[in-house]
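Heads up, the thing below is written out as structure tokens.
Derivation of every value follows stated rules applied to the coordinates shown; laboratory data play no part. Bear in mind that the values here come from a model prediction, so they are computed numbers and not experimental data. Don't worry about glycine lacking a Cβ; one is built from the backbone with ideal geometry, like all the others, and counts go over all protein chains shown.
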Amino acid sequence: MGNQLTDIAPNTPFLPSFQSLHVVVIGLDSAGKTSLLYRLKLQEFVEAIPTKGFNMERIKVNIGNSKTTITTFQVWDVGGQEKLRPLWKSYTRRTDGLVFVVDAAEVERMEEAKVELHRITRLAENQGVPVLVLANKQDRDGAMPATEVEKVLALHELNSSTLHHTEGCSALDGQGLQPGLEKLYEMILKRKKVLRHTKKKR
Ligand code: G3D
């Protein structure tokens, strides 16, 4: 995956139905972040060059009643990236949603993933940002199902204002990706509504 903003569909009509969202995709190295992004962008499985630090892609996805939604996906490796953390902070300031990718077949790294997930969602700038956990590599033998991943990552311990959802998926065949994104979209809309409502009240 390249480091540039790439091909917004050339015929994208900039009409009122156009929406632009900024989603940050995070997870430990090798969780499958880059592969999932390629799957979304190209509708195929591509042997990915692992994320080094961060990558950014702008992709047209049809979510929410097929409205055109241009989503900027920013991909970050977490864990062992101390030098990049200050950068990550400045890039995630206007995040609409967080996608946390885990390798559901790598049970031994779940604790590490849990620590990172909770650390990131606790950051002041991420307070209340909806979280979609993608339990990736469901095609692999022994992959933990979404319900199990949700428990192991202790998602119930997230701040009560943080909407979250866990979906099993596979970058290999694309299963689970669309339903996961639909859910994220729903949560983003819900949060925007709540924020608008609180603003009006002030
Ligand atoms: P990252 O961007 O999170 O670091 P990558 O992870 O997208 O580079 O993926 C890491 C490895 O997992 C890659 O294999 C990739 O092909 C594989 N992978 C990603 N998603 C899936 C999946 O859903 N199913 C299976 N079976 N493999 C997946 P290599 O061998 O190149 O390390």
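Details
- Table column - 3J(HN,Hα) (Hz), the stretch 27-38, Karplus curve with 6.51, -1.76, 1.60, x for Gly and Pro: x, 5, 4, 6, 5, x, 4, 5, 4, 5, 5, 4
- Cross-link pairs 33/114; 137/183; 60/192; 60/200 - those with Cα-Cα distance over 25 Å: 60/200
- Ordered by the count of other Cβ atoms within 10 Å of each Cβ, fewest first, 185, 38 give 38, 185.
- Close amide H partners of residue 166, meaning residues 5 or more places away or on another chain with modelled amide H under 5 Å apart, are 133.
- A cut-off of 5 Å between modelled amide H atoms, ignoring neighbours fewer than 5 places along the same chain, links residue 30 with 51.
- The stretch 162-181-the stretch 101-143 distance, computed between alpha-carbon centres (Å): 12 Å
- If the Kirkwood radius is taken over C-alpha pairs of the stretch 87-202, then at 37 °C and 0.692 mPa s the Stokes-Einstein diffusion coefficient equals 221 µm²/s.
- Residues whose amide H comes within less than 5 Å of that of residue 99, counting only those at least five positions distant or on another chain, are 24, 25, 26, 132 (H built at 1.01 Å from N in the peptide plane).
- Backbone HN-Hα couplings from phi across the stretch 102-113 [Karplus 6.51/-1.76/1.60, Hz, Gly and Pro as x]: 10, 7, 5, 8, 9, 4, 5, 9, 5, 5, 4, 4
- From least to most packed, judged by other beta carbons within 10 angstrom and beginning with the fewest, 183, 200, 193, 137 follow the order 200, 193, 183, 137.
- Ranked list, fewest to most other Cβ atoms within 10 Å of each Cβ, for 197, 164, 22, 118: 197, 118, 22, 164
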